[in-house]
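> The following block contains the structure, expressed as structure tokens.
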Amino acid sequence: MEELLQHVINGLSLGSTYALIALGYTMVFGILQLINFAHGDVYMLGAFFGMYTAKYFNYGHNPSITALIVTIGAAMLGCAIAGFLIEFLAYRPLRKAPRINLLITAVGVSLFLEFGGQIVFGSDPKFFPQVYRPTSQWAVGDVKVYPLQIINFSIALFLMLILQFIVFKSR
């Protein structure tokens with residue numbers, strides 16, 4: 001039973017991240033009727049924005065909750081700017097074009113980001129500095145809950161609630 005509970009906790013933590021990615025795909029397809037193949041590549045850019053922000057501020061040597069918030073904020077801001085530029089430069093000019101043009105452009109943008117990322121960042125593995133190092137964990141028997149799991153789930157839930165508000169309460 002404890003093993004099942006541990007898997008449920010781990011699944012909620014990791015699944016909340018997958019849910020955010022899936023919501024992004026769903027929103028783009030639901031609104032624009034376009035499969036955005038570059039969606040995952042924008043997430044890749046966000047990881048690099050966060051990594052280089054953490055390295056610039058030397059958060060790997062001074063981990064804290066503030067470092068985590070700043071790193072996540074920088075990644076989100078970088079993704080927002082990248083998404084705006086992609087929409088403005090690649091998708092907006094094709095609004096009145098046939099659907100196949102948008103689909104081909106989406107694949108092209110994805111390939112551009114992937115191969116551009118390899119040129120700019122290199123193809124060797126990169127290691128994200130640990131920007132938050134909790135000193136404790138909660139345990140009930142053999143079931144362990146780590147603070148990062150709670151933070152991950154909480155942030156994802158918070159962002160999903162904001163999205164619900166924006167979709168149902170705004171124009």
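> With each label point set 7 Å from Cα along the Cα-Cβ vector, what nm distance links Tyr43 and Leu111?
Going from the Tyr43 label point to the Leu111 one covers 2.2 nm.
> With everything on Cα atoms, drop me the angle between helix 99-121 and the longest principal axis of the chain, reported from 0 to 90° to the nearest 10.
On a 0 to 90 degree scale, this one is about 50.
> With every protein chain in place, what's the accessible area of Ile100 (1.4 Å probe, Å², nearest 10)?
Taking all protein chains as shown, Ile100 has close to 100 Å².
> Report, to the nearest 10°, how far helix 39-56 tilts away from the longest principal axis of the Cα atoms in the chain, using its own Cα long axis and a range of 0 to 90°.
Orientation of helix 39-56: about 50 degrees from the principal axis.
> Once both axes come from the Cα atoms, what is the angle between helix 147-169 and the longest principal axis of the chain, in degrees from 0 to 90, rounded to 10?
For helix 147-169, the angle is close to 40 degrees.
> Percent relative contact order of the chain, based on C-alpha pairs within less than 8 angstrom and at least six residues apart?
Taking the mean separation of contacting Cα pairs over the length of the chain, I get 36 percent.
> What value, in deg cm²/dmol to 500, does the helix sum -39500 (n - 2.57) over DSSP H runs of n ≥ 4 give at 222 nm once divided by the residues of the chain?
Value at 222 nm, helices only: -24000 deg cm²/dmol.
> Here is a follow-up. Using a probe of 1.4 angstrom, how much of the accessible area of the range 42-171 is carbon and sulfur, in percent?
C and S atoms contribute 70 percent here.
The values are calculated or read from the model by the stated rules, or taken from the named source; none is laboratory data. Bear in mind that the values here come from a model prediction, so they are computed numbers and not experimental data. Neighbour counts run over all protein chains shown; Cβ positions are idealised from the backbone, glycine included. Heavy atoms of the whole protein, side chains included, go into the accessibility calculation; ligands, DNA and RNA do not. Shrake-Rupley method; radii C 1.70, N 1.55, O 1.52, S 1.80 Å.
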